[in-house]
Amino acid sequence: MIYRVLFNIVVLAAFVITVNAQDYHSYANPAAVRVRHVDLDWDVRFDQKMLKGFATLTVERISPSEPLILDTRDLKIEKVETSADGVRYAPGTFKLGESDKFLGAPLTIPLPAKANRVRIYYSTSPGASGLQWLDPAQTAGKNNPFLFTQSEAIHARSWIPLQDSPGVRVTYAAHVRTPRNLLAVMSAENLSGTARDGDYRFRMLQPIPSYLIALAVGDLQFRSLGPRTGVYAEPHTLAAAARELSDTEKMVVATERTFGPYRWGRYDILVLPPSFPYGGMENPRLTFATPTMLAGDKSLVSLIAHELAHSWSGNLVTNATWRDFWLNEGFTTYLERRIIEAVYGRPREEMEAALGLRDLNEEIAGLEDRDEILHIDLKGRDPDDGSTDIPYEKGALFLRHLEQTFGRARFDQFLKSYFNHFAFQSITTDQFVDYLKQNLLNESPTLAAKVPVDEWINQPGIPASAPRPTSSAFGTVEEHAKRWLDGKVTAAQVPAAKWTTQEWLHFLRYVQDRFENKGANGSERAERLLNHAAAVLPGDSPAVRMAELDNAFHLTRSGNSEIAFQWLLMSIRNRYEAAYPRLEEFLLTIGRRKFIKPLYEELAKTPEGKQRAVAIYRRARPTYHPIAVTTIDDVLKWTEGK
Ligand SMILES: [Zn+2]
């Protein structure tokens, strides 16, 4: 009961705070008219690839003379009605503005004096950027179509007319009608139970930003994983998914122990078909996840730790604009590693942190200075451009630096109070820095002097005093790699039988570095390796050495998506042609951007590779998600069929 009262106070507090930060990625005017609640009502029409229905927005009139301005993209608006009592609706007028490439078109609706509800009748377009309509052939079961949404960063506006800014939080309810044999799920409480009758109702009572509104429809079944955790998947995938995700409840408990209560009721996971363009999406109460994390040995479940962590960092305390995205992802990557440590032990955490640092160094090598800044300026750009390793890994490294400097116990206390203080709010980087100063840095100027906060947040690169996560297990892997590369043992003699995915990834990256006569970017090892570069590769070409490894360990056939991806990337780089059929199969069946973007980029570096990429992409493109299509079109400078 006390919790309940506290909760309501927190929610009310969130309502009265107005975020002043300018969101360059929304046309909305929440400082004048603010949407508080959204009621949705749709028919899901697979035959037309269309959602058709209406959205009823409850608004707060802060400046009564101002119209309501909403974000839309490719929506067909049929009519608009307004109401002062939520019962009687009168016809209204609207104006749909010019469409911008990134932002879509503003929808302006004049409001009569007492109106506090606006109903918009509309339908989506078949190419809506936030929706993917899958043919049965693109699903695991092959018999039924599938629909899923992806709203982050600014794709909610392609399926709902709303104030599409993370600074605006709304509660929502939905009534969804689907073909009778399919199940609809949303990022909300399901009010219709498990009956599969094509008529489903949902409600989300906590205020969330628009990018967390989510819907999926397909031949889905559910299996419980724990008292408040479970998994949805196609029948074909359900058993494997439940086995892989059996530690989910443990993860929730571990996170609560350190960072405070899980405030969303249930935590379920939806395993999507392989065209999902991301690893996971932290839709509240229902994480959307790629099936490529089902490795069979739980080695890739850090993805679930990550999405679960967003229930605190992101969904509870949210970036107010997309330039504050690192507040979501840096905190979440830090929490993800803490969950992995709590559930799987410190050595596993160290391996993942070391791999993360390497990813970060590699990414930085290819970025412009302006894109290496945590508090990035994205004005005039697609906010998806900011989704590099900078907000994730550099953000996490900054928090690791604070933890190491102030001590874990003190830092955990700080984080817990931060999540409480800003619960159900959307905040800016400046608000975070103020809170950090007042609640951690100011208590010890000596310790604070060791962490260059302004450099971390506002400068490119990584501060010289940053932590450098290392893994002793990786040291051992390197020794074995060296012995094999130097011809002292055969591939079959490399003792890899019990290696984890992380050890394999490190081994392969180390071998590739040696093929290229270099070490990990920026590390001391790089210097040392460069110094004896002449002795790097006695004898055979990299492709011949890869064949040796492949004969011993069957890496081309690896069912582990991370290992397969790393191997295929090396295959392109070293022209290991035996893996090309697998490369083609991989690109034709998986749509996860993290994998396909680097593979197409690597192919595009040579004329023959580019030709191969174009031939594959011509077949793969119709099966990819619109977000992935935008990315790969750009990589290959694609013009066909546009
Ligand atoms: Zn994330």
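The values are calculated or read from the model by the stated rules, or taken from the named source; none is laboratory data. All figures in this text were calculated on a predicted structure; none of them were measured in a lab. Because the Cβ atoms are built from the backbone with ideal geometry, glycine has one as well, and the counts that use them run over all protein chains shown.
General observations
- Selection of region 273-311 for residues being of a type in the set (Val, Ile, Thr) and more than 12 Å from the ligand (Cβ to nearest atom) yields Thr290, Thr292, Val301.
- Each residue in region 38-69 was checked for being in contact (Cβ under 8 Å) with a residue 12 or more places away in the chain and closer than 30 Å to Lys379 by Cβ, and 12 pass.
- Some residue of region 363-374 being outside any loop (DSSP other than H, G, I, E, B), over 18 Å from the mean Cα position of the chain (by Cα) and within 15 Å of the ligand (Cβ to nearest atom): no
- Here Gly314 passes the criteria (1) under 25 Å from Gln425 (Cα atoms); (2) more than 16 Å from the ligand (Cβ to nearest atom); (3) small (Gly, Ala, Ser) except the one numbered (2).
- Some residue of region 599-613 being touching a residue at least 60 places away in the same chain (Cβ under 8 Å), crowded, with 20+ Cβ neighbours inside 10 Å, out of contact with any Ser or Thr (no Cβ under 6 Å at 6 or more places or on another chain) and assigned to a helix (DSSP H, G or I): no
- For region 317-359, filtered to residues that are more than 19 Å from Leu212 (Cβ to Cβ) and among the small types (Gly, Ala, Ser), the residue that is nearest to the ligand (Cβ to nearest atom) is Gly356.
- Only a single criterion out of (1) buried (at least 24 other Cβ atoms within 10 Å of the Cβ); (2) not in a helix (DSSP H, G or I) is not satisfied by Asn328, namely (2).
- The set of residues in region 467-484 that are among the small types (Gly, Ala, Ser) and either farther than 30 Å from Glu455 by Cα or buried (at least 20 other Cβ atoms within 10 Å of the Cβ) (or both) comprises Ser471, Ala473, Gly475, Ala481.
- Filtering region 61-69 for residues that are of a type outside the set (Gly, Ala, Ser), closer than 25 Å to His625 by Cα and crowded, with 19+ Cβ neighbours inside 10 Å leaves an empty set.
- First in region 303-317 and over 21 Å from Arg592 (Cα atoms), second anywhere and among the aromatic types (Phe, Trp, Tyr) and within 10 Å of the ligand (Cβ to nearest atom), Cβ under 7 Å, 6 or more apart: Ser313/Phe331
- Of the listed requirements (1) among the charged types (D, E, K, R); (2) modelled with pLDDT under 95; (3) part of a loop (DSSP other than H, G, I, E, B), Asp384 misses just one: (3).
- Test: residue in region 91-99 that is buried (at least 20 other Cβ atoms within 10 Å of the Cβ) and not in a loop (DSSP other than H, G, I, E, B): no
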